[in-house]
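Right, I'll just put the structure down here and ask away after.
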Amino acid sequence: MKKSLIALATLGAFAGAASAQSSVTLYGLVDLSVQHVKSGDLSPNAGKSLTKLADGVEWGPGSRWGLRVSEDLGSGLKANVVLESGFAADTGASTQGNRLFGRQAFISLASTSAGEVRLGRQYTFNDETVALNNPFGNTMFLHTGVKYTVVGGGLPLFIDSPRIDNALQYISPSFGGFRLQGMYGFDEKAQDRYYGLKAVYANGPLNVALAYEQNKLLTAVAGEDKANKTWTLGANYDFGMARVYAGFQQGKDLANSASSGNVLQSGGTLTADKLRTWTVGVGVPVGAFTIGANYVRAKYDDATGVVVGDKTIGRAAVGATYSLSKTTTLFTAYQQATGDLKDNVNEKRGVEIGLRKAF
């Protein structure tokens, strides 16, 4: 997916500092699809259909370009930099709030024996964990972390706030496939304080991750300053003929804080402070094709009594990819909303067909 940057003269600031032990890599991805989406009668689009050309950022992974810098300091120690910029390929506009490097921006020191310390804007642990629970990772209509669009905001299946600013992360070395990660996001009087822990096991056909995250709210809600406490589990196992996927998430003390790392926005559809979600899926490789399907179901506990009883929302989806090469992929997918709130979402039904090119 990546190739070394040949014209270092275009990056004079890097070239001046480069040495025989340093490398600079330019990489990127352009991801576009044509989507046809039918909304529910109680949704913001009130039952209307919409056909559009959309960047992959809507359902992941999203177009981007980036730079990776690595310097070998000797004795198993490396200094690294990752700068990754997101953009919408259908319009050319910057994404992630119009940031220059909105997807990632961090520096790190990595040791083969002591682990890695990263400082900067990074992916949250729930985003990394959710990527394990569906056949195509965080992509296409099968992406379990994408919010449905409802009146007043978005309604998630798996809570998945992708990134956190001002973050300090430690990643342990791998011991027989097992490693630990911890992350702290400074509030700097401008955002919620973030705490996260994650355990990962990746060995042979089995991949498992368990993450816990919570926020200390910048502005307390009803006198409580701790919110958005989530446990997220993602796993997959490769049987050879097929890979199976599963995931579970439990969230409590959910808050509608504008600066939270994990935000449950529900507007006029539902006010909830607890969430339980599960998913199962399968991916089957057939030559250059991969065919996948999954089902996701979320249950919200009503926090206010405005909605009588608990409410559910789910999604059934199927998709397929075809590899034209190692870096060029055709894809298509179909999704159908299910559950009590299916008529409240813009994306009640949808079909997409697209092209993804990495470099």
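At R0 = 22 Å, how high is the FRET efficiency between N80 and L197 if r is their beta carbon distance? Nearest 0.05 is fine. Working shown, then result.
Numbers: r = 22 Å, r/R0 = 1.02.
Once the sixth-power term is evaluated, E becomes 0.45.
Let me ask another. Got a sec to turn the phi values of the stretch 232-242 into Karplus ³J(HN,Hα) couplings, 6.51 cos²θ - 1.76 cosθ + 1.60 with θ = phi - 60°, whole Hz, x for Gly and Pro?
10, 10, x, 7, 8, 9, 9, 8, x, 6, 7
For the pair S113 and Q21, what calculated FRET efficiency results from E = 1/(1 + (r/R0)^6), where r is the Cβ-Cβ distance and R0 = 22 Å, to the nearest 0.05? Kindly include the intermediate steps, with their values, before the conclusion.
Numbers: r = 19 Å, r/R0 = 0.85.
Efficiency for this residue pair is about 0.75.
Something else now. Based on C-alpha coordinates, I'd like the Rg and Dmax of the stretch 196-255, in Å.
Rg, Dmax (Cα atoms, Å): 16.0, 53.
While we're here: Defining a contact as two alpha carbons under 8 Å apart and six or more residues distant in sequence, what relative contact order in percent does the stretch 108-242 show?
Numbers: 292 pairs, mean separation 28.8, N = 135.
In percent, rounded to a whole number, it is 21.
What is the local net charge at G66, summed over the other residues whose Cβ is closer than 9 Å to its Cβ (Lys, Arg +1; Asp, Glu -1)? Please list the in-between numbers first.
Numbers: positive: R64, R68, R103; negative: E84.
Summing Lys and Arg as +1 and Asp and Glu as -1 gives +2.
For the chain, what is the accessible area per residue in Å² when the probe is 1.4 Å?
Working: 16300 Å² over 359 residues.
Result: 45 Å² of accessible area for each residue.
Using the Karplus equation 6.51 cos²θ - 1.76 cosθ + 1.60 (θ = phi - 60°), what ³J(HN,Hα) coupling, rounded to whole Hz, does each residue of the stretch 100-107 give in order, writing x for Gly and Pro?
5, 10, x, 7, 8, 7, 8, 10
Something else now. In what sequence, largest accessible area first, do Y295, Y27, Y195 appear using a 1.4 Å probe?
Values: Y295 60, Y27 15, Y195 80 Å².
Per-residue accessible area, sorted high to low, gives Y195, Y295, Y27.
Going by accessible area, probe 1.4 Å, with all protein chains left in place, what is the ranking of V24, V34, largest first? Display every interim value, and only then the final one.
Details: V24 20, V34 70 Å².
Ranking V24, V34 by accessible area, largest first, yields V34, V24.
Can you list the lysines whose alpha carbon is less than 16 Å from that of K189, not counting same-chain residues fewer than 8 positions off?
Candidates past the 8-residue exclusion: K216, K226.
At 7 Å along the Cα-to-beta-carbon direction for both T338 and D187, put a label point, then send me their distance in nm to one decimal.
So the two model labels end up 4.1 nm from each other.
Taking Cα pairs under 8 Å and at least six residues apart, what relative contact order does the chain come out at, in percent? List each step's numbers first, then the result.
On the way: 1039 pairs, mean separation 58.9, N = 359.
With pairs under 8 Å counted, the relative contact order is 16 percent.
As an exercise, use a Förster radius of 22 Å and the Cβ-Cβ distance of K226 and L100 to find the FRET efficiency, rounded to the nearest 0.05.
Numbers: r = 32 Å, r/R0 = 1.48.
According to the calculation, E is roughly 0.10.
Turning to a different aspect of this structure: Roughly how many Å is it from the Cα centre of the stretch 54-93 to that of the stretch 140-157, as a whole number?
For the stretch 54-93 versus the stretch 140-157, the Cα centre distance is 24 Å.
A further question on this structure: Working with all protein chains in place, sort E188, E224 by solvent-accessible area computed with a 1.4 Å probe, largest first.
On the way: E188 115, E224 85 Å².
Greatest to least solvent exposure: E188, E224.
Which distance in nm do the two modelled labels at Q250 and L73 give, with both placed 7 Å along the Cα-to-Cβ direction?
In this crude label model, Q250 to L73 measures out at 4.1 nm.
Right, here's the next one. Within 12 Å, Cβ to Cβ, of K216, how many net charges do the neighbouring residues add up to if Lys/Arg are +1 and Asp/Glu are -1? Display every interim value, and only then the final one.
Working: positive: R193, K226, K229; negative: D187, D192, E213, E224, D225, D253.
Combined, the nearby Lys, Arg, Asp and Glu give -3.
Next up: Net charge near D192, counting Lys/Arg +1 and Asp/Glu -1 over other residues with Cβ under 14 Å of its Cβ?
Working: positive: R163, K189, R193, K216, K226, K229; negative: D165, D187, E188, E213, E224, D225, D253.
Here the count lands on -1.
Follow-up. For the stretch 35-141, just say rounded, prolate or oblate: build the C-alpha gyration tensor, square-root its eigenvalues into a ≥ b ≥ c, call rounded for a/c under 1.5, and beyond that prolate if a/b exceeds b/c, oblate if not. Please list the in-between numbers first.
Details: a/c = 3.42, a/b = 2.25, b/c = 1.52.
Taking the square roots of the gyration eigenvalues as a ≥ b ≥ c, the stretch 35-141 is prolate.
Let me ask another. Once Rh is set to the Kirkwood radius over Cα pairs, what Stokes-Einstein translational diffusion coefficient, in µm²/s, holds for the chain at a temperature of 25 °C and a viscosity of 0.890 mPa s?
On the way: Rh = 21.5 Å.
In µm²/s, the coefficient is 114.
On the accessible surface of the chain, probed at 1.4 Å, how many percent belong to carbon and sulfur atoms? All intermediate terms of the calculation are to be shown ahead of the outcome.
On the way: 9870 of 16300 Å².
Ligands and nucleic acids excluded, carbon and sulfur give 61 percent.
The values are calculated or read from the model by the stated rules, or taken from the named source; none is laboratory data. The structure displayed is predicted, hence computed values, not measured ones. All Cβ positions, glycine included, derive from the backbone under ideal geometry; neighbour counts span all protein chains shown. For the accessible areas, the whole protein counts, side chains as well, though only heavy atoms, and no ligand, DNA or RNA atoms are used. Shrake-Rupley method; radii C 1.70, N 1.55, O 1.52, S 1.80 Å.
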